[in-house]
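For reference, the structure discussed in these notes is given below.
The values are calculated or read from the model by the stated rules, or taken from the named source; none is laboratory data. Just so it is clear, the model here is predicted, and its values are computed rather than measured. For neighbour counting, all protein chains shown are included, and Cβ atoms are generated from backbone atoms with ideal geometry for every residue, glycine included.
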Amino acid sequence: MKVDNQVLLEHYLHEQKRYICKEFSEEMSTCIISTTIHKILRHSKDYNWMLFAVPGTDQRSVIVIQKSHRSIPELWVRWNYKSYRKAFTNFLNFYYFMSLEKIPSAYQVDHLQSKGRFKPEHKDYFVRLALLDRRVNASHGAGFEKSFNATESLRELSGGIHMDWMAFLKIYGVTLPSKRAPKTKWMKWAHETALLMEKDGIDIYQLAYHGILSVLQLGFTGFYSGSADAGPYVVSLK
């Protein structure tokens, strides 16, 4: 009996979210969203990662990583690989037994590290992809990601990039407040989101609240308020 693609998509999204929650809260040392192909190959030996190909794609630019028999396959592509949507369609069809011709319009394939973070000399960098709700993804890109990555691009890349709060929240399904909203709404959003994170066992409220709000503020204003001694964040919304 053939299973409907929508049912399989919803199952995949559930598994993607479940796995990311576990990885983000328990396995941050290997919860990365971008690194070079050389480090992927080295990590596959050090951590016993399993690496696979996706039929119908360029194996030099597309790779599947499965970090253990209990983890789900992750699709990674070279950051400037243009056929990433087709690669993700093939990935879902082959690894999750779907029969898609293309990704449905309600979803988007997202680079968890923005392509704007890279330059031509970063040709060896790969980025982890995720399937996201279109509305959630749009809320992150509209005001936050463009300005946040403009700030981040001033820092030279020096190895792997670990998943941050905002990349996690996209997969988790949390929309961001508007950049033009009063800052009190940013604080209310951070408060409600942190309560949700604590309830679901992702992080304790205080750390989640300050972490989320500080990164949101950095993206919207360019101002970072972390403490110099790696202690609790001091959030300033002046």
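The rows are residues; the columns are (1) over 24 Å from residue 33 (Cα atoms); (2) at pLDDT 85 or above; (3) buried (at least 17 other Cβ atoms within 10 Å of the Cβ).
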{"residue": "151", "(1), (2), (3)": "no, no, no"}
{"residue": "173", "(1), (2), (3)": "no, yes, no"}
{"residue": "207", "(1), (2), (3)": "no, yes, no"}
{"residue": "219", "(1), (2), (3)": "no, no, yes"}
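Among the residues of the range 188-198, those identified as surrounded by fewer than 18 Cβ atoms within 10 Å (Cβ to Cβ) and touching a Phe, Trp or Tyr at 6+ places or on another chain (Cβ under 9 Å) are 191, 195, 196, 198.
When the range 31-54 is filtered for residues that are surrounded by 17 or more Cβ atoms within 10 Å (Cβ to Cβ) and among the polar types (S, T, N, Q), the ones remaining, listed by number, are 34, 35. For the range 55-139, the strands (runs of 3 or more DSSP E) that sit wholly inside it and include 1 or more residues that are surrounded by fewer than 20 Cβ atoms within 10 Å (Cβ to Cβ) and not aliphatic (A, V, I, L, M) are 62-66, 107-111, 125-133.
Please work out if residue 112 is among the aliphatic types (A, V, I, L, M) and under 18 Å from residue 17 (Cα atoms).
So residue 112 fits the description; yes.
Within the range 160-169, the presence of a residue that is touching a Leu at 6+ places or on another chain (Cβ under 6 Å), modelled with pLDDT of 85 or more and either among the polar types (S, T, N, Q) or not assigned by TED's automatic domain parsing to the domain that holds residue 84 (or both) is excluded.
Results for (1) out of contact with any strand residue (DSSP E or B) (no Cβ under 9 Å at 6 or more places or on another chain); (2) at pLDDT 95 or above; (3) not basic (Lys, Arg), shown as yes or no for each residue.
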position: 2; (1), (2), (3): yes, no, no
position: 6; (1), (2), (3): yes, no, yes
position: 13; (1), (2), (3): no, yes, yes
position: 17; (1), (2), (3): yes, yes, no
position: 22; (1), (2), (3): yes, no, no
position: 29; (1), (2), (3): no, no, yes
position: 34; (1), (2), (3): no, yes, yes
